[in-house]
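**Q** Got a structure here, written out as structure tokens. Questions coming.
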Amino acid sequence: MTASPSLLSGLLNRPRYSPMVRTSLGFIGVALVALYFADISITTHDPWAEINRMVVGVFTPDFLAIDAIGSALVKTVAFALIGVALGAVAGFLLAQVFHFTLVRLVCSFVRAIHELFWALIFLQMLGLTPMTGILAIALPYAGICAKVYAETLEEAQMPALKTVPLGAGLVSTFFYVRLPDVWIHIVTYTSYRFECGLRSSAVLGFVGLPTLGFYLETAFSEGNYSEVSALLITFYLLIASLKYWLRPRLIGIYLLIAPFLLGGGMDIKLTNVTRFLTQDIVPAPLRGGDLMAASSWFEFSSWASHLIHDQALPGIVATLLLTQIALVGTAFLSLAFFPLISEKFIGKKGRVVGHLFLVILRSTPEFILAYIFLQLWGPSMLPAIIALSLHNGAIIGHLMGRFSNAVLLRADHPSGINLYGYEIVPRIYGQFLAFLFYRWEVIMRETAILGILGIATLGFYVDSALAEIRLDRALFLICITALLNVGIDSLSRHIRRRLRLNRTVQSY
């Protein structure tokens, strides 16, 4: 997805790539139209002064100013460990019955709601307790893991099945033949999902839980960028050192210790849970009314129509505009980033620098990136576009760089831009689109939640409803967000099937 003549020529010279090129150009056209209608204004009076203060903070991290930095990191890891473990176990069980339509639909709906939305929902029921953070991670991750594990089991090549004796039971066949064949893929993906869980756990601090995000928001609001720098550096080191401390033989011990590291909180009151389920989330026109009366449903219809017209539709339009721009921005940055770590373009020392650059970008949650850019440019779509494009571009660029290393070149291969445009990109373009369209659903989820920061996506109206303690409106809008995401996921699957792209990406 680039305008480079050499790249387009390289792709168009391969007949099977022409549908991919047409699709790519179509998405670029949609993004350009969306950009025309998007709000990308800069509303801060002196962004350069703020940039200067941030740059100074980056180079003068103050590790001593934050007394609770160790506690914040420990709680961030503890929430992620428990949440991802519960999500992975539930996802594995659901994967066994994922072929049932109802299970697929429930999983699709559950994973379509961002962790922050789940946290805001559980906050109303359970209060500021550890259970709120655990469930906010575990529920969507269960839906995600169920999908990935089911597709992994379905698509794995299992020649060993031919050697299974007749009459072997389903349970024996599963545990002795099917599961061992895909176990390494499941472990690899679960490890990646834990890295995602650390980012999710950190972001949960923005709703008040005692993870890294809580201290980041405090430091940002006070303009203490040296503290911000120290917090982010420690988080990057935590991510970078995963392979050293996240050892399989230690995970059981970690899980036993983690519940005792979450800290306390207010008590969970059953009356709050009951009131939330039976009153707070029930639409106002139906609350306490006669459900058999036509007048109640007429009032509900009027209530829903008003909410859709005044909030849902503007939020949907803004969410779609931002998603499509960020998707194409992600594509361009992915194509620009992957040579930084590819053996085909850069030497070993250069790749080390490239890896460090991409690790920083993909390890920083997009919510935190958007929050940083928001301080610079104000609450328009511009901070969100840049944040989403950088974060997701770094993730796909990293995967493409690894994928490009496996490309075999002929002895007389070109070099420089011709190697990039005629040889490498045309050979990995299908995999690139597979990565991109898989990420489309994630970008939509992230776009919606960025409304909490003041950007007028669906999350903005959800946050406004919660601030006004109108939980029925908030849940109605969250459901619309989930349905919109399910629609994008279905469209993505249709496009991948039409272009014959890989259905699953094991390391993704």
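Per-residue answers, yes or no, for (1) polar (S, T, N, Q); (2) in a helix (DSSP H, G or I):
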| site | (1), (2) |
| --- | --- |
| 335 | no, yes |
| 339 | no, yes |
| 343 | no, no |
| 351 | no, yes |
| 367 | no, yes |
| 375 | yes, yes |
| 390 | no, yes |
| 402 | no, yes |
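**Q** Just one of 430, 397 is of a type outside the set (Phe, Trp, Tyr), crowded, with 18+ Cβ neighbours inside 10 Å, in contact (Cβ under 8 Å) with a residue 12 or more places away in the chain and outside the structural domain of residue 275 (by TED's automatic domain parsing); which is it?
**A** Checking each option against the conditions leaves just 397.
**Q** State the number of residues belonging to region 338-376 that are over 28 Å from residue 419 (Cα atoms) and touching a Ser or Thr at 6+ places or on another chain (Cβ under 6 Å).
**A** Residues that pass the stated criteria total 0.
**Q** Considering 91, 83, which residue is part of a helix (DSSP H, G or I) and either touching a Pro at 6+ places or on another chain (Cβ under 6 Å) or more than 29 Å from residue 464 (Cα to Cα) (or both)?
**A** Exactly one residue qualifies, and that residue is 91.
**Q** Search region 285-296 for residues being part of a helix (DSSP H, G or I) and over 37 Å from the mean Cα position of the chain (by Cα), and hand back the single one that is nearest to residue 480 (Cα to Cα).
**A** Across region 285-296, the extreme among qualifying residues is 296.
**Q** Which of the residues belonging to region 63-75 are assigned to a loop (DSSP other than H, G, I, E, B) and touching a residue at least 12 places away in the same chain (Cβ under 8 Å)?
**A** Residues satisfying the conditions are 63, 65, 66, 68.
**Q** Within region 277-291, identify whether any single residue is over 20 Å from residue 470 (Cα atoms) and either loosely packed, with under 15 Cβ neighbours inside 10 Å or not aliphatic (A, V, I, L, M) (or both), and answer yes or no.
**A** Yes, region 277-291 contains a residue that is over 20 Å from residue 470 (Cα atoms) and either loosely packed, with under 15 Cβ neighbours inside 10 Å or not aliphatic (A, V, I, L, M) (or both).
**Q** Right, here's the next one. Please enumerate the residues belonging to region 190-247 that are within 13 Å of residue 363 (Cβ to Cβ), buried (at least 22 other Cβ atoms within 10 Å of the Cβ) and of a type in the set (Val, Ile, Thr).
**A** 203
**Q** Quick one: which of 405, 485 is surrounded by 19 or more Cβ atoms within 10 Å (Cβ to Cβ) and either over 21 Å from the mean Cα position of the chain (by Cα) or not basic (Lys, Arg) (or both)?
**A** 485
**Q** Further question: What's the total number of residues in region 14-62 that are modelled with pLDDT of 80 or more, in a loop (DSSP other than H, G, I, E, B) and more than 18 Å from residue 380 (Cβ to Cβ)?
**A** 3
**Q** Go through the residues of region 438-445 one by one and say whether even a single one is at pLDDT below 85 and among the charged types (D, E, K, R).
**A** No, region 438-445 has no match at all.
**Q** I need a count of the residues in region 322-337 that are aromatic (Phe, Trp, Tyr) and either surrounded by fewer than 20 Cβ atoms within 10 Å (Cβ to Cβ) or touching a Ser or Thr at 6+ places or on another chain (Cβ under 6 Å) (or both).
**A** So the count comes out to 1.
**Q** Quick check on this structure: which one of 378, 347 is surrounded by fewer than 20 Cβ atoms within 10 Å (Cβ to Cβ) and without any contact (Cβ under 8 Å) to a residue 12 or more places away in the chain?
**A** 347
**Q** Using the structure shown, decide if residue 267 is under 26 Å from residue 458 (Cβ atoms), loosely packed, with under 13 Cβ neighbours inside 10 Å and out of contact with any Ser or Thr (no Cβ under 6 Å at 6 or more places or on another chain).
**A** no
The values are calculated or read from the model by the stated rules, or taken from the named source; none is laboratory data. Source: prediction; values computed, not measured. Cβ sites come from the backbone with ideal geometry, for glycine too, and all protein chains shown count toward neighbours.
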